[in-house]
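Take a look at the structure below.
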Number of protein chains: 2
Amino acid sequence: MTNPLDLVFSALADPTRRAILAMLLEDDMAVTDVAEPFDMSLAAISKHLVVLTAAGLISQEKRGRVKWCKLEPDAMREASVWMQAFGQMDAVDLDAFEAFLEHELK
Amino acid sequence: MTNPLDLVFSALADPTRRAILAMLLEDDMAVTDVAEPFDMSLAAISKHLVVLTAAGLISQEKRGRVKWCKLEPDAMREASVWMQAFGQMDAVDLDAFEAFLEHELK
DNA sequence: ACAACATTCAACCAAATGGTTGACGTTTAT
DNA sequence: ATAAACGTCAACCATTTGGTTGAATGTTGT
């Protein structure tokens, strides 16, 4: 009933969670550091991380008192594959992808 | 505020809506025919179609008393592009990305 | 031992979501 | 003219979602 795609797409539907994923694209991060740029409580971010973990989009590993968040890029692949069926879209839109890198990562 | 990606991903998060999109991949359909295979009311399907339309994933055109639903595959493109950064590429490995670009643009 | 730090838990709240039913406006066919 | 078909609207309902706050649980450094 709870299709993995449900979890992935609904996790991706929230802009805060997408921003978190973009941050983790650069490097693994502790929960507190993930929360820092956002104007919301740490508890709220903690919940978002639970959602991302449930979807398999990230993993969390506790070392000492710090819980490290790590991107799990494979989880998006199923969803990506599903979407490819609808494209006469190219596998990679180079212009858009470069624009994305420019905007999102730097 | 309401990022287009929000609308696309949250539209895709529901299995009924994904099934509708898959049906429309084959051919344009009237609302009643879209609803036929599902075990829920026509009104419920009508609402799902509103959500898909708001996300730009389909369009609806009324001809006579029949409203035709048509897939709009371009809407998924932005979302797909966003995902490419995580799914297909090892984003940490920028060397590989550059190599990819070089090969692709040659 | 103690205080500070990192994170989650629990209770709560408002708003959004996904469904129902019945009434309603159009358009088509007889 | 009337009835049937197509689809939406409005009101309602239960559940989920995304946020809050304050207390609680580890863990670390002094």
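The values are calculated or read from the model by the stated rules, or taken from the named source; none is laboratory data. Everything numeric in this text was worked out from a predicted model, so none of it was measured. Reconstructed Cβ throughout: ideal geometry from the backbone, glycine too, with neighbour counts over all protein chains shown. Side chains are part of the model used for accessible areas, which takes the heavy atoms of the whole protein and leaves out ligands, DNA and RNA. Shrake-Rupley method; radii C 1.70, N 1.55, O 1.52, S 1.80 Å.
For segment B:46-88, state the average projected area of the convex hull of the C-alpha atoms over all orientations, rounded to one decimal in nm².
3.4
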Built amide H within the under 5 Å cut-off of B:Ile58, gap 5+: B:Thr53, B:Glu72
Cβ-based net charge around A:Leu5, under 9 Å, with every Lys or Arg adding one and every Asp or Glu removing one: -1
Exercise: per-residue mean of other protein chain Cβ atoms within 10 Å, B:6-16: 5
Considering only the other residues whose Cβ falls under 12 Å of the Cβ of B:Thr32, what net charge follows from Lys and Arg at +1 and Asp and Glu at -1? 0
Estimate for me the total accessible surface buried between chains A and B (protein heavy atoms, probe 1.4 Å, no ligands or nucleic acids), in Å² to the nearest 100. 3200
